[in-house]
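Reading through the structure tokens given below for one structure.
The values are calculated or read from the model by the stated rules, or taken from the named source; none is laboratory data. Remember, it's a predicted structure, so these values are computed and weren't measured experimentally. Quick reminder, even Gly has a Cβ in these numbers, built from the backbone with ideal geometry, and neighbours come from all protein chains shown.
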Ligand code: SMG
Ligand code: MG
């Protein structure tokens, strides 16, 4: 099939509550959606996970739209034949911009699979029909407010809680959550690069709380720092920002920088590379789980499919639609018994609902060969 047209659609989605991390606050998601059309008829969707500002990674949503328009789509329009597997190799000469590569690959895959009646989950190699879900809880203004939020999520059924931490917001909130909810609650922390190796003695104080893992304490390039830290603390080190490909994952594993990896398809250039990282980790006994970037139902459908692969042995940041948005653009994902169902229909198994999509759209652009 040939790529004949692409719609770039920007939507603005207010979050139900501001989400604060060590690098900033998200209150409204400004999201780039992409609809790919193959042979003038087969249609597929993708959601770009780039945030508004380059604070989580170098990527940001305006740049994602720009690099797609100026450099990626022209290369793909010029191919005689395109399918999901051909997108990555065709875009290989373009450095970085993994989130942009991921969104076009996902949309082409979705179109191809929908046209042939195959589900995304099945195609990736999913072995489960529902996945256990965790929730990522932002930095709060007070420990009391944090406990109240965690209480809500625990009673909703989330099977694990991830607390965002930063210097000055670490031991106290983690201790409070552990004391209040007891030893059985699965708790992990995420620093989004907010510490340095000099903080190792301080971070070692988190060992007493029996955390599942500590996610990305040090800067993304500091693989050796993570390897050193992993020898100084008992809590397993998990990498997020540092892992941009199967190659960087292999290096981090070999150097002993992590024993767990957070796989975010957008951060590594797409679901096919995400699956390669899964396969690599499985072969090395490294546990993986599916990260989140505050996605709508489009991105969530694909993440939940990925999280159903056999190596995803830890609950993901794959929360229900209502943890993020009052109204999702797709049929909402609903938490049942701490799990989300893996969509089983053709392609992603979900599509944007026209009225809901129109209500949040701020701009559309139609591009052709
Ligand atoms: O999608 O539930 C979600 C958010 C999960 O914490 C989350 N993501 O570093 O893992 C991470 C962050 C990155 C995005 S913060 C806006
Ligand atoms: Mg993270």
Single residue of segment 349-360 satisfying the filter (assigned to a loop (DSSP other than H, G, I, E, B) and surrounded by 20 or more Cβ atoms within 10 Å (Cβ to Cβ)) that is nearest to ligand 1 (Cβ to nearest atom): 350
Residues of segment 246-271 being under 14 Å from the mean Cα position of the chain (by Cα) and either touching a residue at least 40 places away in the same chain (Cβ under 8 Å) or surrounded by fewer than 16 Cβ atoms within 10 Å (Cβ to Cβ) (or both), in sequence order, are 262, 263, 264, 265, 266, 267, 268, 269, 270, 271
Where residues in segment 305-325 are touching a residue at least 40 places away in the same chain (Cβ under 8 Å) and more than 16 Å from ligand 1 (Cβ to nearest atom), which of them is farthest from the chain's Cα centre (by Cα)? 310
Taking segment 327-348 and the residues there that are more than 16 Å from ligand 1 (Cβ to nearest atom) and under 24 Å from residue 359 (Cα atoms), the one that is surrounded by the fewest Cβ atoms within 10 Å (Cβ to Cβ) would be 327
Looking only at residues in segment 269-297 that are away from ligand 1 (no atom under 16 Å from the Cβ) and in a loop (DSSP other than H, G, I, E, B), which one is farthest from residue 351 (Cα to Cα)? 285
Please identify the pairs in which a residue from segment 151-179 that is on the phi > 0 side of the Ramachandran plot has its Cβ atom under 8 Å from the Cβ atom of a residue that is in a loop (DSSP other than H, G, I, E, B), counting only partners at least 6 apart or on another chain. 157/335; 157/337; 157/338
Answer with yes or no whether residue 182 is away from ligand 1 (no atom under 13 Å from the Cβ), free of Cβ contacts under 8 Å to residues at least 40 places away in the same chain, buried (at least 17 other Cβ atoms within 10 Å of the Cβ) and over 15 Å from residue 286 (Cα atoms). no
List the pairs whose first member sits in segment 191-217 and is more than 24 Å from residue 179 (Cβ to Cβ) and more than 11 Å from ligand 2 (Cβ to nearest atom), whose second member is in a loop (DSSP other than H, G, I, E, B) and modelled with pLDDT of 95 or more, and whose Cβ atoms are under 7 Å apart, counting only residues at least 6 apart or on separate chains? 196/218; 197/218; 200/233
For segment 1-53, which fully contained strands (runs of 3 or more DSSP E) count at least 2 residues that are within 16 Å of ligand 2 (Cβ to nearest atom) and over 16 Å from residue 73 (Cα atoms)? 3-21, 24-38
Suppose the filter is more than 16 Å from ligand 1 (Cβ to nearest atom), modelled with pLDDT of 95 or more and farther than 18 Å from residue 299 by Cβ; does residue 260 pass it? no
Among the residues of segment 199-242, what is the count of those that are on the phi > 0 side of the Ramachandran plot and assigned to a helix (DSSP H, G or I)? 0
Is it true that some residue in segment 97-111 is surrounded by fewer than 18 Cβ atoms within 10 Å (Cβ to Cβ) and either within 26 Å of residue 51 (Cα to Cα) or more than 16 Å from ligand 2 (Cβ to nearest atom) (or both)? no
